[in-house]
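Asks: Dumping the structure here so I can ask a few things about it.
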Amino acid sequence: MKVRSLKLREAHKATSSNGRPSFCSVLWDQQAYHVVTASSADPTIAIHDSLLPSSPPKLLQHHRDGVTALALSPNSTCLASGSEDHSVKLYKFPGGEFQTNITRFTLPIRALAFNKSGTLLAAAGDDEGIKLINTVDGSISRVLKGHKGSVTGLAFDPHSEYLASIDSTGTVIYWELQSGTTLHTLKGIAPNSGFDRSIMNVLSWSPDGNKLAVPGLRNDVVVYDRDTAETLFSLRGDHTQPICFLAWSPNGKYMATSGLDMQVLIWDVDQKQDIDRHKFDERICCLAWKPIGNALAVIDCTGKYGVWESVTPSSMKSPTEDVPNQKLNNSNGLLLFDEEEGEELSTSGSLSDLGEDSHGESEPPSRKRLHKHSAYDNDLEEDGFDDLSLLPKVESHKKARRKHSESVDNGKEGVSSKLTSVRPKMQGSFQPGATPLQPGKRRFLCYNMLGAITTIEHDGFSHIEIDFHDTSRGPRVPSMNDHFGFTMASLNENGSVFANPSKGEKNMSTLMYRPFRSWANNSEWSMRLEGEEVKVVALGTAWVAAITSLNFLRIFTDGGLQRHVLSLDGPVVTASGFMDELAIVTHASECLPSDEQMLEYRVLNITNGSQPLRGRLPLTPGSHLTWFGFSEEGQLSSYDSKGVLRVFTSQYGGSWLPLFSASKEKSDENYWVVGLNASKLFCIVCKSPDLYPQVIPKPVLTPLNFSFPLASSDLGADALENEFMLNNMHLVQVQKQIEVAGAGLDTTSLDDEAFNTETAQDRCILKLIASCCNGDKLVRATELVKLLSLEKSVRGAIKLVTVLKLPNLAERFNNILEERLLNESKRALETTFPNSNCNASLITNDIAPSKTIFSTKQSKLPGNDIPLSSSKLSAPIFTKKAKTQEAKVGIEKTEEKQPAMAADLGKVKTTEGKNGAKVNNAGDMKRVGETSQAQSPAPSNDQEKVKKAEVTRRASNPFMKKLIK
């Protein structure tokens, strides 16, 4: 064989700082316009113009240390680099503009690889873990751990089902991307490179994805089967030392290998023979076939690179002829680096790439390349359920291989099937409270807090029954025979609505409404939709809604009058009704490459034709929506497949609060949500792996307490902190209801509810203050006392910290109390005398006597000479006051609740002071009115006016300071 010579030119400095050879990288762009080189001894990346080799390269100098790895996205718009400085950076290509530090490791990076669509970047190095990074938003999709040495090589298979990795000890691992699990581990099949970082073990998938090539232990290349990891054959020729790099030609017919013997061999893979070789002066670290033409780029360990032209003889097939699945190379998942305006985000490859199915974790790992729907799957789709991944789909490797071979033989049909199988799946529409079709079994068409609608197929028709949980709330509804094949339903106090998918030659869908009570006969009505399929139905007060496959929202009256037809922005996911409001969830866009659903909600008021709310619906990453609706109080709520319940709140301009997480409950239970109220989540508990309840035996509703996903507190008072946040949320909701009620309406019950909640919140805060004092968190205790609503609560806190022998804290609490009393007095006087200039003197006269009295009477604890603060103040005006008897007879009820609130804290015994007075515990506080009368001098006439104004103007609800009663 003729030995050829090739002149190389220097691109990077020769050696690293320690004098050892460096590992250098080289690659081509998609159109072969540029060659990119890098060296572990040089922090600079060089972009060379392949058409003008003599022109100086473009240099990218953003790393602080040598560049150890390069990767270029399949569409050549994004360049990734890894370095000894532990960072992975992204650049626009070919411009070279720096974009972002997409991730960092704790040790140097050794390998990078993009998947076929460019939506995922795999990065690994001396950390032994492999990060899968979403290139659209920069998030870490998954971390794969299993190697015991530095990971030196990574390769996504062209079908985006597997990732292959190799480490410095010669171990190869097949990773299944969909589940993130290890499929095969081949230990010690490649040379052990030890601690020489200028030699990297590598591996490479064949372009058709059927074979994986790995350097062998006998100076050869061993080729393994894609699915079984069995050895297929080996390439062994003139290499006298181990192979350190290999690369398949674009069509998979040839392979180039570089060895420690400084030779590069070209192999005919089908013939398993080397057809050419080239001897170099230094070891070739990296090889890259030219995407267009018959050439090979090489770079050695000293940083010199060159292009070997006419690699294969002209008499043989070109390396770029008959490239398999060429169309797939044009996919682009890099939204950040698109240079074409208006180019859409390609979603091919992302479902498997991300490693999580769009409908949860219930699907066993499936290694097939083509996914064919069974008749059972089609039945589910007709029923409005696209959660097909919740059903088992297991198939053997050999069967998958046969299917793949058939698809390749079928040409375009096979390519189309692959594109379908790897596309991220947008969540299908579903009806809240419905279960999938189970042949021969009764299933739920609707199950909510009011009742349930069930159906079972029998002799060509279905038998539907409607039952109410509380028979006193709803009428007894006779069962009916269903000849339409209804697959979805909705239920409220007034009636029920049913719909079926399109059927018959005219592709017709039927919508039917059955009222429970009507003054007229034949009040039931139905509508036919030709060429249009109902996806979701919902009910409210005097209206019926249906959302169809044409993205139409059709609104009817309960009498059957067609009122409105609206066009929605995207395909519907689900909908729910509550009184006048209809909430709809639609797809806002295609799924993210991380397989995250992009959903949007909107709330419509059917009565006045308005849209009060609209925004993005938050979901746990990697999850899908499983339930959506309203609480019994009308709060918009959602539940996802990761078990997180969220409730909408008007705080912060409209936000969603995570109130429950199934991950904190029993791991062997699944929760099928039915509904919720102000304090409980109601669901049916299903034992794993069941995700849905059975109709028989009758399921039991289980109430679950709300719980915020709080961080572990250093106080050990997680339950109290959770109660504190829940009380805050409830107070905000009640305040919102009072504001909505408006002036002139009776809000007495809401005022009482707010006052009771506020009292409970003060009790909770006092307990938290006690925990803070015991845990020596005095700053936090001071913050908490400022949140107390009632004057008695603040005084109770002062007595509490006094009993705990914290005089400095007691003095701070006193100062806070004084400041609040002073501010309230000012506000009251400004309200009573808006144009008066004597406010300051009145305030001084009002506050000063109390100060004088308390400064002369200092109480001391027995056995302790630490006095209570002398600045304790009791003023007749405070932020929170009970209603007067003239305004409401309920003052006795209010006054009785306050001592009980503080009494829960500690049951501190009553002690005798020097003056014979008793120092009571937190629960024995006097009433506000009594304290004021006993300790304050007789008020002046102006002060009496202030008090009268206060009584007439203040609401019983402490939050409603602005309401005038």
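The values are calculated or read from the model by the stated rules, or taken from the named source; none is laboratory data. Just so it is clear, the model here is predicted, and its values are computed rather than measured. Cβ: placed from backbone, ideal geometry, glycine included. Neighbour counts: every protein chain shown. Only protein heavy atoms, including side chains, enter the accessible area calculation; ligands, DNA and RNA are left aside. Shrake-Rupley method; radii C 1.70, N 1.55, O 1.52, S 1.80 Å.
Asks: Mind pulling up the Rg/Rh value for segment 143-270? Radius of gyration and Kirkwood radius, both on Cα.
Replies: That ratio is 0.94, to two decimals.
Asks: With +1 assigned to the C-beta of every Lys and Arg and -1 to the C-beta of every Asp and Glu, and no other charges, what is the dipole magnitude of segment 515-642 about the Cα centre in debye, to the nearest 20?
Replies: That gives segment 515-642 a dipole magnitude of about 220 debye.
Asks: Report, to one decimal in Å, the Kirkwood hydrodynamic radius for segment 109-153 based on all distinct Cα pairs.
Replies: 10.6
Asks: Find the Rg to Rh ratio for segment 532-620, where Rh is the Kirkwood radius over alpha-carbon pairs and Rg uses the same atoms.
Replies: Value, to two decimals: 0.99.
Asks: Another question, if that's okay. Contact order normalised by length for segment 520-630, with contacts defined as Cα pairs under 8 Å and 6 or more residues apart; what percent is it?
Replies: 17
Asks: Over the alpha carbons of segment 435-547, what is the largest minus smallest coordinate on each principal axis, giving the biggest first in Å?
Replies: 43, 31, 24
Asks: How big is the dipole moment of segment 65-182 about its Cα centre under a simple scheme where the beta carbon of each Lys and Arg is +1, that of each Asp and Glu is -1, and everything else is neutral? Debye, nearest 20, please.
Replies: Computed charge dipole of segment 65-182: roughly 140 debye.
Asks: Name the shape class, rounded, prolate or oblate, that the alpha-carbon gyration tensor gives for segment 503-546, where a ≥ b ≥ c are the square roots of its eigenvalues, rounded holds for a/c under 1.5, and otherwise prolate holds if a/b is larger than b/c and oblate otherwise.
Replies: oblate
Asks: Another question, if that's okay. Given contacts defined as C-alpha pairs under 8 Å and at least six residues apart, what's the relative contact order of segment 230-327, whole-number percent?
Replies: In percent, rounded to a whole number, it is 22.
Asks: Per residue, what accessible area does segment 154-267 have, given a 1.4 Å probe and all protein chains present, in Å²?
Replies: 29
Asks: Using a simple charge model, +1 on the beta-carbon of Lys and Arg, -1 on the beta-carbon of Asp and Glu, nothing else, what dipole does segment 589-668 show about its Cα centre, in debye to the nearest 20?
Replies: 180
Asks: Just need the relative contact order of segment 1-152 here, percent rounded to a whole number, with Cα pairs under 8 Å and 6+ apart.
Replies: Averaging sequence separation for qualifying contacts and normalising by length gives 13 percent for segment 1-152.
Asks: So what's segment 91-191 giving for Rg/Rh, alpha carbon basis, Kirkwood Rh from the mean inverse pair distance?
Replies: Rounded to two decimals, Rg over Rh is 0.97.
Asks: Order the following by accessible area, largest value first: Glu739, Glu596, Glu532. Probe radius 1.4 Å; ligands, DNA and RNA are ignored.
Replies: Largest accessible area first, the list is Glu739, Glu596, Glu532.
Asks: Show me the ranking of peptides 174-181, 519-526 by mean Cβ neighbours inside 10 Å, starting with the highest.
Replies: Highest-to-lowest ranking by the protection proxy: 174-181, 519-526.
Asks: Now, a different point. Could you compute the net charge surrounding Ser83? Neighbours are other residues with a C-beta less than 14 Å from the C-beta of Ser83; K and R count +1, D and E count -1.
Replies: -1
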